[in-house]
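Data first, discussion second: the structure below is written as structure tokens.
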Amino acid sequence: MSLDFGQIRRSEHLPARIAAQMAREITDGHILPGSKLPTEHFLASSFGVSRSVVREAIAQLRNEGLVETRQGVGAFATEMKARQTIRIEQDDLHDRASFRDLFHLRMPLEIEAAGLAARHHADSDLVKLDQCLATMMGAEKWTDQGIVADLLFHRIIAAATGNEYFALFVGFIAERISLAINAARAVAALEEIVEVTIAEHVAIRDAIASRDPQRAREAMKKHLLGAAARLDLVLES
């Protein structure tokens, strides 16, 4: 398979597009620091998307340091002094070299995250991973919800390390990789690529559950190399 990187632009993930638009509103000062964002219902209606898509967009903004969420209250634009933003514009990733560089960064982070998650995860983390897999395997696996579950799977592993910096950086990168998932689905036989991806995620989950760090690292490495290959990217490893 040879991927035309123009396909990434055409297949850009809805939450990423919405997050980019909201980020511009925040950084341009149209949404003031400390102010509350509109409700999920209002945003979903305004953008013409589901509330789950809005939640993914807000999660991305949270990973970028532009938004903080308060349980039971809502989402707020962070104060300027509290912002520790890492931002890669979506347009930068339409270049093959830049996209490959992001995958190179992803490799050591997510491989080590899998190893640490194997050591430190709680039973509740496995429950969350299983919930993601259930969505990825269910009727929604062909839809955007399957992609949302895929991204959440990786964020849960990062959180299971017990190291908040893994959660921050892996979460940020995972949102950018949503472009890759959409692009790969667009150019390959959907049934084949979804089933292969599910099998790779099951192997990662089982390795983490076994509390075998090396097995978990190897399973994650196999998945990441496979994901890169599906985008016709050759990684040094």
Of those in region 146-173 that are among the hydrophobic types (A, V, I, L, M, F, W, C) and in contact with a Lys or Arg (Cβ under 6 Å, 6 or more places away or on another chain), the residue modelled with the highest pLDDT is Ile156
If you go through region 27-41, how many residues are touching a residue at least 12 places away in the same chain (Cβ under 8 Å) and small (Gly, Ala, Ser)?
-> 2
Under the condition of being among the hydrophobic types (A, V, I, L, M, F, W, C) and exposed (fewer than 15 other Cβ atoms within 10 Å of the Cβ), which residue from region 55-83 is modelled with the lowest pLDDT?
-> Ala82
Does Leu126 satisfy the criteria of being within 19 Å of Leu14 (Cβ to Cβ) and surrounded by 14 or more Cβ atoms within 10 Å (Cβ to Cβ)?
-> no
Every listed condition ((1) surrounded by fewer than 18 Cβ atoms within 10 Å (Cβ to Cβ); (2) more than 25 Å from Phe99 (Cα to Cα)) holds for Asp232 save (2)
State whether one or more residues within region 195-202 are surrounded by fewer than 21 Cβ atoms within 10 Å (Cβ to Cβ), among the small types (Gly, Ala, Ser), at pLDDT 85 or above and not in a helix (DSSP H, G or I).
-> no
Starting from region 195-219, keep only residues that are over 13 Å from Phe153 (Cα atoms), then list their pairs with residues that are polar (S, T, N, Q) and not in a helix (DSSP H, G or I) whose Cβ atoms are within a distance under 9 Å, requiring at least 6 positions of separation or different chains.
-> Ala216/Ser210
Test Asp206 against the stated conditions and say whether it is at pLDDT 90 or above and among the acidic types (Asp, Glu).
-> yes
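The values are calculated or read from the model by the stated rules, or taken from the named source; none is laboratory data. Treat the numbers as computed from the prediction; the structure is a model and nothing was measured. As a convention, Cβ positions derive from the backbone with ideal geometry for all residues, glycine included, and neighbour counts pool all protein chains shown.
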